[in-house]
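Notes follow once the structure below has been shown.
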């Protein structure tokens, strides 16, 4: 009888130990991920270069519009090469406000999606 009680207490202690270790590893992983994201964000801050637009042509071929200083360039990116196509005058470019990564948080984007879905259901456009 005493042996059975000690086995259940021992199992409970083992379970709690594993649970605490799991939570500790989860907390460390969260902290390291946040630190890495902050570090990489600070590394990519550059006032002289900015990627404005990208279009994918095939699996490993892209055309990008890049701002370098005050010049706007169209660049072809392939697997092994980068080729400048042309310089684009600033007045020929169209800048849109649809860039979700600047100034909007996840909560704002989620609310927009929820409102859009709600309005579509009210209009009878439920997909």
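Each value in this text was obtained by applying a stated rule to the coordinates, not by laboratory testing. Fair warning: this is a prediction, and the values are worked out from it, not measured in the lab. We place every Cβ from the backbone using ideal geometry, glycine too, and count neighbours over all the protein chains shown.
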Potential extension, residue 106-residue 80 segment - 0.36 nm per residue separation minus Cα distance = 5.8 nm
Using every alpha carbon pair in segment 48-95, what percent of pairs falls into each 10 Å bin from 0 up to the bin containing the largest distance?
-> 27, 55, 17, 0
Go ahead and run the numbers for FRET between residue 73 and residue 37, Cβ-Cβ distance against an R0 of 25 Å, rounding to 0.05.
-> 0.30
